[in-house]
Amino acid sequence: MVFIYGAYGFTGKQVVEFLSKTKVDYIISGRNEEKLKEIFNKISGNKPREYIAVSTEKISSLRLNGINLVVNTAGPFLDIGQGVLDFAYNNQANYIDCSGESFWAKKLIDQYSGKFFERSIFLSSGVAWETVAGELTVKKLIREVGAENVRGKTIYLVYLAEFNMSPGTLQSSINIIGRGAMLWNKGTVKIVNPFERRFRFEFKNKNFLATNISSSDVLNVPLSLGEIQRNIDFEILFATKREYFIGLMKLFSNLAKYKIFADLIKKVLDRFPEPDEARSPASALAFLLDGDKVLHRTVIDSKRPYRTTAKIMSYFIERFSEGKVKSRGYRAPTDLVDFPEEILTSD
Ligand SMILES: NC(=O)c1ccc[n+]([C@@H]2O[C@H](COP(=O)([O-])OP(=O)(O)OC[C@H]3O[C@@H](n4cnc5c(N)ncnc54)[C@H](OP(=O)(O)O)[C@@H]3O)[C@@H](O)[C@H]2O)c1
């Protein structure tokens, strides 16, 4: 049985919509009973078994029989993810989420991988457009140039950041930029200042400026590459056509270090409308560099990152329900399931 927390959020309800067209046995959950009831009544097709209203503070003590996968779509995860993660562990269930927060992924790896391993269950963060788009793009780059030509080099994974964001994503972004950035240095993770790096490139006849802001890909991508992870430097950058945007983000990142300010912005962002996905391109570009010189570049264009995230999660859940996902401890998403590239590029 699959347990979905955050089922009526922008991402959660799209996951539920996909699952209603499958044979997966699932329960929906979240903190608001009214919203759960509304979505439960709306679903036609494969309905969830039941809905369970429970807060993130109380969920860890909830015991349910027969749950073997917990799917968490309620973020920001560093703020509210702990209870749902403990719920999975306490019920001896596997755990996945759609977080892009690098420090959340680091916590799962450092503090939970061993515990989950001992119980023969797995956990994975970033089962979403990001990091699956990043993992697939970098793997494609390595296939194109050959693994032997990557060793000793640097890979930049660059996302175009100009898509419309949901309140949950904007709130998670405050966690991402407020906590610093990470750098993968041949198997070691270093914490650095965000916005330190500047990287210019042309894409589709437009000039972009990228800067380093780490999402959970900074860990998931190298982990998904096997032994090559110890031979490369790797970094995540976000690119924009509007240079002032980077100055603005830098200002926010300095302010977001103060909890009172971060909490205030998150409250304001909670009132933001749902994003217009039609205006959301979401390309991932992987650059292979030797020093400053770009040796190769690979792109996977995708659209509608939230819909893609729901597709990725549902694809994962279906494979899991068919008994095809078996592992233990922390795993990068593409280590658990082979996602086809079309999952990113198709509508
Ligand atoms: N990595 C990726 O590519 C990717 C893609 C999509 C989403 N995400 C991440 O997924 C998360 C959700 O995104 P979204 O677009 O679905 O956001 P959203 O529409 O704002 O939904 C957020 C969900 O979290 C719940 N929530 C918020 N605070 C809560 C709390 N204190 N206790 C219990 N539930 C709480 C909300 O429920 P209420 O209505 O009750 O507040 C809602 O169900 C974000 O962190 C986002 O960054 C990542």
- Flag if Val70 is in contact (Cβ under 8 Å) with a residue 12 or more places away in the chain, touching a strand residue (DSSP E or B) at 6+ places or on another chain (Cβ under 6 Å), within 12 Å of the ligand (Cβ to nearest atom) and not in a loop (DSSP other than H, G, I, E, B): no
- Query: Within segment 44-69, can you find the residues that are among the polar types (S, T, N, Q) and either under 23 Å from the mean Cα position of the chain (by Cα) or within 14 Å of Phe3 (Cβ to Cβ) (or both)?
  - Reply: Ser55, Thr56, Ser60, Asn65, Asn68
- Message: I'd like to know if segment 53-60 contains one or more residues that are of a type in the set (A, V, I, L, M), outside any loop (DSSP other than H, G, I, E, B), within 22 Å of Ala128 (Cβ to Cβ) and within 10 Å of the ligand (Cβ to nearest atom).
- Response: yes
- Of the residues in segment 168-217, those that are surrounded by fewer than 16 Cβ atoms within 10 Å (Cβ to Cβ) and either within 13 Å of Phe238 (Cα to Cα) or not assigned by TED's automatic domain parsing to the domain that holds Ser283 (or both) number 3
- Would you call Leu141 over 30 Å from Tyr244 (Cβ atoms), modelled with pLDDT of 95 or more, touching a strand residue (DSSP E or B) at 6+ places or on another chain (Cβ under 6 Å) and crowded, with 16+ Cβ neighbours inside 10 Å? yes
- Query: Name the residues in segment 182-212 that are free of Cβ contacts under 8 Å to residues at least 40 places away in the same chain and of a type in the set (A, V, I, L, M, F, W, C), would you?
  - Reply: Ile191, Val192, Leu209
- Only one of (1) aromatic (Phe, Trp, Tyr); (2) more than 10 Å from the ligand (Cβ to nearest atom); (3) not in a helix (DSSP H, G or I) does not apply to Phe40, and that is (3)
- What number of residues in segment 1-43 are within 22 Å of the chain's Cα centre (by Cα) and of a type outside the set (A, V, I, L, M, F, W, C)? 13
- Task: Collect the residues in segment 73-96 that are away from the ligand (no atom under 14 Å from the Cβ) and of a type in the set (A, V, I, L, M, F, W, C), keeping them in residue-number order.
- Result: Ala88, Ala93
- Top-ranked residue of segment 282-314 - restricted to ones that are basic (Lys, Arg) and modelled with pLDDT of 95 or more, ranked as nearest to the chain's Cα centre (by Cα): Lys311
- If you go through segment 15-34 one residue at a time, how many are surrounded by fewer than 21 Cβ atoms within 10 Å (Cβ to Cβ) and within 11 Å of the ligand (Cβ to nearest atom)? 4
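The values are calculated or read from the model by the stated rules, or taken from the named source; none is laboratory data. Small disclaimer: the values here were computed from a predicted structure and weren't measured. Cβ coordinates were reconstructed from backbone atoms using ideal geometry, including for glycine residues, and neighbour counts include every protein chain displayed.
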